[in-house]
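The values are calculated or read from the model by the stated rules, or taken from the named source; none is laboratory data. Because the structure is a prediction, the values reported are computed rather than measured. Methodologically, a virtual Cβ is constructed for each residue, glycine included, from the backbone with ideal geometry; neighbour enumeration extends over all protein chains shown. With ligands, DNA and RNA removed, areas are computed over all heavy atoms of the protein, side chains included. Shrake-Rupley method; radii C 1.70, N 1.55, O 1.52, S 1.80 Å.
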Amino acid sequence: MKILLLIPPTDLSKSYGKLKRFSNPQPSIGIAYIAAVLRENGHNVKVVDAYVNCYTLKDILHIIREYTPAVVGISVLTPSADVVYEISRDIRTIFPHITMVMGNMHASLFSDDVLTKGYADFVIHREGEMAMLELLQALENKSGLESVKGISFKKNNVIVNNPMTPHIDNLDTLPFPAWDLFPMDKYST
């Protein structure tokens, strides 16, 4: 399955104000681990860091049109939430067949709102590596979503919150993060 994992753009002036010059973009280790797990399990994964690349909504939509993913996963933190909702609305309008998945703190805390307003089909809570993999397997097999731990979704207009996934106790069980999918030359330390 073709998966696009998106780190959304953020308005630095809005997020940091006068301190924006101290912003230091870093690659997302969470997205890198999720990408590695998905790729190790046969999925075709593309990571788009719209934040560090300064991509516009138009750029993101062009990438989606060119890549044609079945699923778009978006990392949502509060400073980028409004932008993510706008991106989601446009993806829904232009590419209604794409399954939308959101994760990270803001999406998890406001999952009922995200699902009720239709910004995403699924919200992944906590660590996303295994939950995302199991969700994709359930979607591919058209099997029951109720067994996928760590997700929320709507069924018959009712929000379903599955039990949480256990924390990954041994990170050595995960493949090395997929840093090769990131524009590493654009990050600083």
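With Cβ to Cβ distances under 11 Å as the rule, what net charge do the other residues near Val37 carry (K, R +1; D, E -1)? Show your work: numbers first, answer last.
Details: positive: Arg39; negative: Glu40, Glu127, Glu129, Glu134.
Overall, the nearby charge balance is -3.
Can you tell me the relative contact order of the chain? Whole percent, Cα pairs under 8 Å, sequence separation 6 or more. Provide the component values of the computation, followed by the final result.
On the way: 305 pairs, mean separation 49.8, N = 189.
RCO, the chain: 26 percent.
Using only DSSP helix segments of four residues or longer, with each worth -39500 (n - 2.57), what per-residue ellipticity at 222 nm results for the chain after dividing by its residue count and rounding to 500?
Details: 8 runs with 70 residues, N = 189.
Estimated from H runs of four or more residues: -10500 deg cm²/dmol.
For the stretch 52-132, what is the relative contact order in percent, using Cα pairs closer than 8 Å and at least 6 residues apart in sequence? Let's see the in-between values first.
On the way: 87 pairs, mean separation 22.3, N = 81.
The normalised contact order for the stretch 52-132 reaches 28 percent.
Provide the FRET efficiency to the nearest 0.05 for the Ile94-Thr173 pair, computing r from the beta carbons and using R0 = 41 Å.
On the way: r = 38 Å, r/R0 = 0.93.
Between Ile94 and Thr173 the formula returns 0.60.
Rank these residues by their accessible area, most exposed first, probe 1.4 Å: Ser108, Ser152.
Numbers: Ser108 35, Ser152 0 Å².
Ranking Ser108, Ser152 by accessible area, largest first, yields Ser108, Ser152.
Where does each of 94-106, 126-138 land if you order them by average Cβ count within 10 Å, highest first?
On the way: 94-106: 17.6, 126-138: 20.8.
Highest to lowest by the protection proxy: 126-138, 94-106.
How much accessible surface does Lys46 have with a 1.4 Å probe, in Å² rounded to 10?
80
What distance in nm separates the two pseudo spin-label positions at Asn24 and Asn157, each 7 Å out from Cα along the beta-carbon direction?
Distance between the two pseudo-spin positions: 5.1 nm.
With the chain treated as a Gaussian network of Cα nodes joined by springs under 10 Å, which of Ser88, Ser143, Ser75 yields the largest mean-square fluctuation?
So, out of Ser88, Ser143, Ser75, the one fluctuating most is Ser143.
Would you list, by chain and number, the aspartates and glutamates whose Cα falls below 19 Å from the Cα of Lys149, excluding same-chain residues fewer than 8 positions away?
Lys149 reaches Asp112, Asp121, Glu127, Glu129, Glu134, Glu140, Asp169.
Using a 1.4 angstrom probe with every protein chain in place, what is the largest-first accessible-area order of Thr10, Thr78, Thr56?
Sorted descending by solvent-accessible area, the residues read Thr78, Thr56, Thr10.
Give me the mean projected area, in nm² to one decimal, of the convex hull enclosing the Cα positions of the chain. Mind dumping the intermediate values first?
On the way: hull surface 43.6 nm².
Averaging across all directions leaves 10.9 nm² for the Cα convex hull.
Can you compute the FRET efficiency between Glu146 and Asp82 using 1/(1 + (r/R0)^6), with r the Cβ-Cβ distance and R0 = 45 Å? Round to the nearest 0.05.
That pair, Glu146 with Asp82, gives E of 0.90.
Given N residues in the stretch 86-189, what is its alpha carbon radius of gyration divided by 2.2 N^0.38 Å?
1.19
Using the Karplus curve 6.51 cos²θ - 1.76 cosθ + 1.60 with θ = phi - 60°, what ³J(HN,Hα) values do you get for each residue of the stretch 90-96, in whole Hz, with x for Gly and Pro?
So the Karplus estimates, Gly and Pro as x, are 5, 4, 4, 6, 7, 10, x Hz.
Considering only DSSP beta bridges with both partners in the chain, what is the antiparallel share in %, to the nearest 5? Please report the intermediate quantities before stating the final value.
Working: 7 of 25 bridges.
Roughly 30 percent of the DSSP beta bridges within the chain come out antiparallel.
Mind checking the full-extension length gain between Glu40 and Lys186? Use 0.36 nm per residue of separation minus the Cα-Cα distance, one decimal, nm.
Numbers: separation 146, 0.36 × 146 = 52.56 nm, distance 2.54 nm.
Between Glu40 and Lys186, full extension yields an extra 50.0 nm.
Computing the accessible area with a 1.4 Å probe over protein heavy atoms, can you report the carbon and sulfur percentage for the chain?
On the way: 5420 of 10020 Å².
Answer for the chain is 54 percent, counting heavy atoms of protein chains only.
Determine the alpha carbon to alpha carbon distance for each of Lys46/Lys154; Lys2/Lys142; Lys58/Lys117 and list only those over 20 Å. Each step should come with its number before you reach the end.
Details: Lys46/Lys154 26 Å; Lys2/Lys142 16 Å; Lys58/Lys117 22 Å.
Cα-Cα > 20 Å for Lys46/Lys154; Lys58/Lys117; rest within.
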